[in-house]
Structures are given as structure tokens and as C-alpha cells.
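See below for the structure under consideration.
The values are calculated or read from the model by the stated rules, or taken from the named source; none is laboratory data. No experiment lies behind these values; they were computed from the predicted model shown. Quick reminder, even Gly has a Cβ in these numbers, built from the backbone with ideal geometry, and neighbours come from all protein chains shown.
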Amino acid sequence: MTSARYTLVKLSAAILTMLVGIGSSAEPRTTIDAVYSKQQARGGERLYQVHCLVCHDKKYFQPVLEVWSGQSVGTLLQMMSATMPESDPGSLRDKEYVDILAYIFSLSKLPAGEEPLENRGTKLDEMVIATP
Ligand code: HEC
């Protein structure tokens, strides 16, 4: 192989490595990445006690999250706000559903962070449900 050709092969390999690197750094955020705050989960707990506890005890949610693992947080939120509380679907404000979801995350032993979970743009559609 001529040295010019060899250089070209090396260069292509380097570019390929770089592209693969970019691909992996764009991995989606998951619910393990501290995506809600403790304070938000406390607010969500109060809402849960008023609107959800009659039908779902605290132990209900962790297995549900496990089943939903790999799907987007946005899809779970949509399902929840469209169908729950079963007695009066969609009766809570969007932010209240998000706060309850933060509480559900805390029940499922997901780590809390500094920033609250927020339903802005496509952020939650791009966030993947993962359990510890
Ligand atoms: C009147 C009873 C009732 C109330 C109140 C209620 N739910 Fe439900 N919920 C159900 C039933 C029934 C199901 C479906 C059967 C099951 O999986 O237990 C369900 C299922 C769910 C699921 C799992 C759905 C799935 O497909 O995996 C979630 C999450 C959920 N509820 C969240 C909530 C939240 C959050 C609230 C409060 C805002 C709430 N529910 C209030 C009765 C209720």
C-alpha cells in the first residue's frame, strides 16, 4: 500500500471513530439521570393522596414503571392524563400530572436531582423510562 493511501485509510478510520463517538454522546436521557426534584415529589405526593390513593396504594407504581421501561416518559404522561383518575380522567392540570409522575419516580427509587421534571417541548417524549 502506498503511504498516501495508507494515510487516507487511517483518516477514514479516525473520522468513523469520531462519528461513533458523537452518536453515543447523543444517547437519550433516562429517568435514572436525576430528572425530578425532591420538593416536586413532595407536592406530587399530596396530589396523589387526594386523587389517586383511593385506587392505587404506594406499591402499585414501581411494577408499572418496570413494565413501561424503554418507553418514553411523554407517552406515560399522556396515558396518565388521558385515563386517570379513572373516576374523572383529565381532571388535573398538566403540571399536577407531572408532579405526580415525579412522586411515582421517587416511589420507584429513582434518584432526585436539582431541577424539577418539566413538560416542555419534546423533552419528555425524548426521555426514556428506566428503572434502577
Ligand atoms: C377510581 C379508581 C382510580 C383512581 C382514582 C385512579 N386510578 Fe389509575 N387505574 C385505575 C384502574 C382500574 C387502572 C387499570 C387497572 C390496573 O392496572 O390496576 C389504573 C391504572 C393506572 C396506571 C397504569 C396504567 C398502565 O397502562 O400501566 C397508572 C400509571 C395509573 N393508573 C395512575 C393513576 C394516577 C396517577 C392517578 C391519580 C391522578 C390514578 N391512577 C387514579 C383506577 C384508578
Original post:
Taking M80, is it within 11 Å of the ligand (Cβ to nearest atom), aliphatic (A, V, I, L, M) and free of Cβ contacts under 8 Å to residues at least 24 places away in the same chain?
Top reply: yes
Original post:
Among the residues of segment 102-117, is there at least one that is at pLDDT 95 or above, near the ligand (Cβ under 9 Å from one of its atoms) and within 18 Å of Y36 (Cβ to Cβ)?
Top reply: yes
**OP:** Filter segment 61-70 down to the residues that are near the ligand (Cβ under 7 Å from one of its atoms) and farther than 20 Å from P28 by Cβ, then identify the one that is surrounded by the fewest Cβ atoms within 10 Å (Cβ to Cβ).
**Re:** V64
Subject >> Selected residue (only one of V73, V98 is more than 7 Å from the ligand (Cβ to nearest atom), under 17 Å from R46 (Cα atoms), modelled with pLDDT of 95 or more and not basic (K, R)) >> reply: V98
Original post:
Any idea which of E126, E66, E96 is among the charged types (D, E, K, R) and touching a strand residue (DSSP E or B) at 6+ places or on another chain (Cβ under 9 Å)?
Top reply: E126
**OP:** Tell me, yes or no, whether segment 92-109 has at least one residue that is exposed (fewer than 14 other Cβ atoms within 10 Å of the Cβ) and within 14 Å of the chain's Cα centre (by Cα).
**Re:** yes
Subject >> Close pairs from segment 41-69: first farther than 25 Å from E114 by Cβ, partner away from the ligand (no atom under 11 Å from the Cβ) and not in a helix (DSSP H, G or I), Cβ under 7 Å, at least 6 apart >> reply: E66/T131
